[in-house]
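Structure first, then comments.
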Amino acid sequence: MSKPTMKSKVFFKTFGCRTNIYDTQMMIEALKDFEVTNSEPSADIIVVNSCTVTNGADSGVRNYISKQNKDGKKIIFVGCGADTRGKELYEQKRVFGVLGHSEKSNINAALFSKEPFKNIGVLTHLDRSLVSTYHDKSKAFIKIQEGCNFSCSYCIIPHVRGRARSQSEDRIIEQVRILSQNGFSEFVLTGTNIGSYGKDNGTMLGRLLQKIGSVEGVKRVRMGSIEPVQIDESFKEILKESWLERHLHIALQHTNEEMLKIMRRRNSVKRDLELFLELSSLGFALGTDFITGHPGESEEIWQDAFFNFKKFPLTHLHAFCYSKRDGTHSALMKQTVNGKSAKKRLKELQAITMQNNLLFRQKKAKLEVLIEEKKDGFYTGFDQFYNRIFITCKDDLVKKWVVIDDYEAKKEGNYATCKTE
């Protein structure tokens, strides 16, 4: 009798956003003839799910590939970088194969290839595969759409993910049901631009959320970033639902009107502020994206933006200094802000938001937390306001829901001791 053939081991390295986390899990479940390993050194094949949002992101991916090249690993290159850097890496023979977004579901067949390959595919594809679980994660990610119809000056993503296109409600609900039946109760909706959901198939994000919230077993629904102009009446109708997280991340990118026009944004400071004040009055913690140092951000513009920024009830901030991205409109503009000034402006915004966040947490609301892990002696997770809490407890709390009404708000997070001790 012949011995069974040993399966090749595959390690997945995921860069970038939550959408890539979903895509990686989809590829993992498509591997029927290979063994997935969490040990990078023992892997025969490494699948690099890349991010290309900035030149810096590209550099990080290339550096990782260079290290694996030195170790003699067979590399399959997928993700957003496949469209922008795939041809270059393939021709330099730094990767064995390149797969575009529409080809990810064919990963099992691709790994059997004896010859190097490059298959970028098309940018009109929607995934049809369903994910059944997430290993080593307490919450589940649900990709509800692909692509973006915006044309922001600094962003390459519409060029590598294509135009906005939505998954059907039925498929999304089926995905949620499968994961709920497999023990998941917190869900994170993700995509390239999730606020555009339904614009192409006659539905709305608010209606989808309502259907997800009614699925048995769903306890909390979180969302990725949405645009201010995408919060319509259907969305506002679900703001008081118990399953909706009490934190919303709404992408402003800037708080000066002229700068928003330069950045080719669709929002305006006046309407943005009205929206944020309305949501804050309903008890929401609010986060945003912000870019400092974009070409055209003069000192006069910055001072106005800083004055306006302080009016916003922001508790969370994903801000970064402008980084040139080849292939975008702003890459052709003259850089008028030096790196030192951009970093100074960034730190000023961070200081304001950090203080806002501490004051918000000091109000001492009752917290509902899904514990994600135990680290450095603390059980940790995020509450409904997307603030981290550190809990000491003798019981094993990992992947369990806990309610905390007695805690200390410190700079880096909230601290509590469970009552079972």
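Numerical summary
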{"item": "Shape of the stretch 232-349, Cα gyration tensor, a/c cut at 1.5", "result": "prolate"}
{"item": "Overall Cα dimensions of the stretch 316-378, principal axis frame, Å, largest first", "result": "49, 25, 22"}
{"item": "Relative contact order of the stretch 9-119, defined on C-alpha pairs under 8 angstrom at six or more residues apart (%)", "result": "26 percent"}
{"item": "For the stretch 81-205: rounded, prolate or oblate by the Cα gyration tensor [a/c cutoff 1.5]", "result": "oblate"}
{"item": "Antiparallel bridge percentage (DSSP; both residues within the chain; nearest 5)", "result": "30 percent"}
{"item": "Cβ-defined net charge surrounding A251, 15 Å radius [Lys, Arg +1; Asp, Glu -1]", "result": "+2"}
{"item": "Sites N119 and E373, calculated FRET efficiency, Cβ-Cβ separation with R0 22 Å, nearest 0.05", "result": "0.05"}
{"item": "Given charges at beta-carbon only (K, R positive; D, E negative), |dipole| of the stretch 207-286 in Debye", "result": "200 debye"}
{"item": "Dipole moment magnitude, nearest 20 debye, the chain about Cα centre, only Lys, Arg, Asp, Glu C-beta charged", "result": "800 debye"}
{"item": "Length added when fully stretched, I178-D395, from 0.36 nm per residue minus Cα-Cα", "result": "75.2 nm"}
{"item": "For the chain: span of alpha carbons on each principal axis (Å, largest first)", "result": "71, 60, 45"}
{"item": "Rg/Rh for the stretch 367-417, where both radii come from Cα atoms and Rh is the Kirkwood radius", "result": "0.90"}
{"item": "The stretch 38-97 versus the stretch 120-197: alpha-carbon centroid distance in Å", "result": "23 Å"}
{"item": "Dipole moment magnitude, nearest 20 debye, the stretch 140-361 about Cα centre, only Lys, Arg, Asp, Glu C-beta charged", "result": "500 debye"}
{"item": "Whole-number percent relative contact order across the chain, with pairs defined as alpha carbons under 8 Å at least 6 apart", "result": "10 percent"}
{"item": "Hull shadow area, averaged, the stretch 273-421 [alpha-carbon convex hull, nm²]", "result": "11.2 nm²"}
{"item": "Zone of C418's modelled label, taken as backbone nitrogen in the stretch 362-387 under 17 Å from a point 7 Å along Cα→Cβ", "result": "367-383"}
{"item": "Approximate spin-label separation N201-S59, in nm, with each point projected 7 Å along Cα-to-Cβ", "result": "4.0 nm"}
{"item": "Farthest toward positive dipole pole in the chain [+1 Lys/Arg, -1 Asp/Glu at C-beta], among I262, T328, V98", "result": "V98"}
{"item": "Packing-based order for 47-56, 125-134, 242-251, using average beta carbon neighbours within 10 Å, highest first", "result": "47-56, 242-251, 125-134"}
{"item": "Cysteines in the chain lacking a second Cys C-beta under 4.7 Å", "result": "C17, C51, C80, C148, C321"}
{"item": "The stretch 9-119 shape via C-alpha gyration tensor axes, a/c threshold 1.5", "result": "rounded"}
{"item": "Calculated FRET value between E258 and D44, using beta carbons and R₀ = 56 Å, to 0.05", "result": "0.55"}
{"item": "Rg in Å to one decimal, and Dmax rounded to a whole Å, for the stretch 54-105 via C-alpha atoms", "result": "10.5, 30"}
{"item": "Peptides ranked, highest mean first, by Cβ atoms within 10 Å: ranges 35-45, 166-176, 94-104", "result": "94-104, 166-176, 35-45"}
{"item": "Cβ crowding within 10 Å averaged over residues, with 384-394, 15-25, 334-344 ranked highest first", "result": "15-25, 384-394, 334-344"}
{"item": "Taking F112, F235 and counting other C-beta atoms within 10 Å, the order from fewest to most", "result": "F112, F235"}
{"item": "Coil-residue GluC sites (Glu not before Pro) of the stretch 359-415, DSSP, other Cβ within 10 Å capped at 16", "result": "E412"}
{"item": "Relative contact order %, the stretch 54-185, counting alpha carbon pairs below 8 Å whose residues are six or more apart", "result": "20 percent"}
{"item": "Rough spin-label spacing in nm, given labels placed 7 Å along Cα→Cβ, for Q350 and D405", "result": "3.7 nm"}
{"item": "For the stretch 305-368 versus the stretch 253-296, the gap between their alpha-carbon centres in whole angstrom", "result": "11 Å"}
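All of the numbers you see were taken from the coordinates with simple rules; none came from a lab. Just so it is clear, the structure is predicted and the values come from calculations on it, not from any experiment. Cβ coordinates were reconstructed from backbone atoms using ideal geometry, including for glycine residues, and neighbour counts include every protein chain displayed.
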